[in-house]
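These notes concern the structure reproduced below.
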Amino acid sequence: MTLSSTTQTPAPKNDQAARDNGDIVILLYHRVCDLTFDPQLLAVSPARFSDQLDALKSQRLPMSLTSCCESLIAGNVPSSRFVITFDDGYADNLECAAPLLEAACVPATIFVTTEFTKQQREYWWDELERIILQTSDLPDTLSIEISGEQHTWEVRDSQSISTDSQKVAPYWNVLEDSPPCTRQALYCNLFTIMRKLKPSIRHDLVNQLREWASEADVIRKTHRPMTREQLQQLAKSDLLDIGAHTVSHQALSSLDRVEQHREIAQSKAFLEEVAGRQISQFSYPFGTRHDYGTETVEIVRDEGFHGACANFPGVVSNRSDVFQLPRILVRDWDGDTLLHRISEVTRVAT
Ligand SMILES: [Zn+2]
């Protein structure tokens, strides 16, 4: 749905090009929750999220992703709008973000990776973080075969409780120039390898890592994907929409056409069966231009999606490709910092 524009007035924009071509910013979120450790910087605290919504509404009108795509297809993209999206399908999207969105009358689309909802497992990057960065004691050496290739890593700070690793762990994140300790380096190396692994191989690897670390096969309350029942609850909302984000969250560019088709079509079919309605929006896992290809876009279009979101900064205008929509990745910022980031992106785009 598109909210009425009678209650708010968009801030005037000076740029003639933005007025002519339209100007919609799509925000990319993952999680709304308080986390003590968030190395991928996926979480925005509920207080910050609320502040961000207020800041966004002070300058722009909210819009649904569906309306955004319809306006782009019609060549009639409005100016000074914002669209909220979430990738992956964490339970906190429904439990923490949805009440705040409803209170603010802001629509959002939540892209769900279906395997994790089906199996009720932690997302693979969360399991990797738990095993490598949260286990108190690790063996000194990891020697493991991945896709026929032998890898060996030394974990010099394996006894982490009394080491620098534990001290830096709550503060470290992947944007830092270099991992401070061997644990963080191992996590980064394995993450890079795992984002291109086929699901069955990745699943085996996670099981081997868990065994190596003597770590239990559990799911943390803080890291749950939405359940089937929660998806059905979400499907009843007039304000929130569901989109597909593949089955297993593998970089689609690392798959052949048949495998890409399976990832895209099966996630759509599962979500349509659970939600009881058509799923018309898609989001590419990881989403940079290296993570999908021309073939991927063709499959998404042929499967009947109306639009698809990528993960590179930009502004939606009448010149945008509805199957490669730019998005601004949002971190745990206050509202003013988010507005500053948006102004940086819009300045470059127009
Ligand atoms: Zn994702």
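Which condition number in (1) crowded, with 21+ Cβ neighbours inside 10 Å; (2) away from the ligand (no atom under 16 Å from the Cβ) is the one that Pro99 fails? Unmet condition: (1). Checked against (1) surrounded by fewer than 22 Cβ atoms within 10 Å (Cβ to Cβ); (2) within 15 Å of the ligand (Cβ to nearest atom); (3) part of a loop (DSSP other than H, G, I, E, B), Ser253 passes all but condition (3). No other residue among Arg319, Arg331 is part of a loop (DSSP other than H, G, I, E, B), crowded, with 16+ Cβ neighbours inside 10 Å and either touching a residue at least 24 places away in the same chain (Cβ under 8 Å) or not polar (S, T, N, Q) (or both) apart from Arg331.
A single entry from Thr288, Thr294 fulfils the requirement of being surrounded by fewer than 24 Cβ atoms within 10 Å (Cβ to Cβ), within 15 Å of the ligand (Cβ to nearest atom), not acidic (Asp, Glu) and not assigned by TED's automatic domain parsing to the domain that holds Phe191: Thr288.
Which residues, counting only those in region 232-244, are of a type in the set (A, V, I, L, M) and within 16 Å of the ligand (Cβ to nearest atom)?
As a first pass, look at region 232-244 and keep what is of a type in the set (A, V, I, L, M): 234-235, 239-240, 242, 244.
Within region 232-244, Ile242, Ala244 meet the criteria.
When Val247 is tested against (1) within 16 Å of the ligand (Cβ to nearest atom); (2) closer than 25 Å to Ile24 by Cβ; (3) out of contact with any Cys (no Cβ under 9 Å at 6 or more places or on another chain); (4) in a loop (DSSP other than H, G, I, E, B), only condition (2) is not met.
What about Gly304, is it out of contact with any Pro (no Cβ under 8 Å at 6 or more places or on another chain), assigned by TED's automatic domain parsing to the domain that holds Ile328, part of a loop (DSSP other than H, G, I, E, B) and not polar (S, T, N, Q)? Taking the combined requirement at face value, the residue satisfies it. Name the single residue, out of those in region 16-68 being in a loop (DSSP other than H, G, I, E, B) and under 17 Å from Pro107 (Cβ atoms), that is farthest from the chain's Cα centre (by Cα). Looking at residues that are in a loop (DSSP other than H, G, I, E, B) and under 17 Å from Pro107 (Cβ atoms), I get Arg60.
The values are calculated or read from the model by the stated rules, or taken from the named source; none is laboratory data. What you see is a predicted model; the values in this text were computed from it and never measured. Counting neighbours? That spans all protein chains shown, and the Cβs are built from the backbone with ideal geometry, glycine included.
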